[in-house]
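The values are calculated or read from the model by the stated rules, or taken from the named source; none is laboratory data. Values in this document were obtained by computation on a predicted structure and should not be read as measured data. Cβ sites come from the backbone with ideal geometry, for glycine too, and all protein chains shown count toward neighbours. Heavy atoms of the whole protein, side chains included, go into the accessibility calculation; ligands, DNA and RNA do not. Shrake-Rupley method; radii C 1.70, N 1.55, O 1.52, S 1.80 Å.
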Amino acid sequence: ADPWRPEAWRMIRERQDLHFLMVTKRIHRLEETIPSDWGRGYENVTICCTCENQYWADRRLPVFLSLPLPHKSITHEPMLERISIRKYLKEYGEQIESVSCGGESGPEARICDYAWVLDTHMQCVEYSVPFYYHQTGARLRKGNRIYEIPREHQHTQAHKAHLDFDGTRLPAWDEPDTEAD
């Protein structure tokens, strides 16, 4: 992508009427490839850092969250294990516009465990960061069962879980009771 990157940035700069979403697992390269007039970032660009497991979350997110980006999102896709991002949500939650999860697609897809997705969902609820479960992946473990889900149903099945969260606090009657009876 390096040969056409300057032209892409030029087009993005010119088309302020459009919003661009860039998803990358190579966040360490962003700082060396942004244009000279970037400053604190272009308002019409969201950068999404993907972290498929804890190892990569702990290496990519510190770099990602230190960059001058006006719009930041995180995705766990393909989600390959339980991932704790609490420390990042706690410290940088106001910078993170959303977190999303999705399993891997394709005939050789690795398993995504629904419990991992639920855990990330709860971390986002805890810190009032919007969360989206956008696809189950081809192989989803739920409890002791593994479901083989055709590509055309992975988005609709994820949506049926009703895990999407807009980041607003739950009404008081939905929060756990903390007072002793």
The range 31-54: number of residues that are open to solvent by less than 40 Å² (accessible area, probe 1.4 Å) and not β-branched (Val, Ile, Thr): 10
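In the list His28, His76, which residue meets the criterion of being open to solvent by 20 Å² or more (accessible area, probe 1.4 Å) and in contact (Cβ under 8 Å) with a residue 24 or more places away in the chain? Outline the logic, then answer.
Numbers: His76 fails: open to solvent by 20 Å² or more (accessible area, probe 1.4 Å).
Of His28, His76, the one residue that is open to solvent by 20 Å² or more (accessible area, probe 1.4 Å) and in contact (Cβ under 8 Å) with a residue 24 or more places away in the chain is His28.
In the range 118-136, what residues are of a type outside the set (Val, Ile, Thr), part of a loop (DSSP other than H, G, I, E, B) and within 21 Å of Thr24 (Cα to Cα)?
Taking the range 118-136 as the starting set, the residues that turn out to be of a type outside the set (Val, Ile, Thr) are 118-119, 121-124, 126-128, 130-135.
Retained after the next criterion (residues that are part of a loop (DSSP other than H, G, I, E, B)): 127-128, 130.
Of everything in the range 118-136, just one residue is of a type outside the set (Val, Ile, Thr), part of a loop (DSSP other than H, G, I, E, B) and within 21 Å of Thr24 (Cα to Cα), namely Pro130.
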Pair list, Cβ under 7 Å, 6 or more apart: the range 130-154 residue farther than 19 Å from Ile74 by Cβ and open to solvent by less than 80 Å² (accessible area, probe 1.4 Å), other residue among the basic types (Lys, Arg) and assigned to a strand (DSSP E or B): Ile146/Arg139
Among residues of the range 79-93, those that are over 18 Å from Lys142 (Cβ atoms) and open to solvent by 40 Å² or more (accessible area, probe 1.4 Å), counted: 6
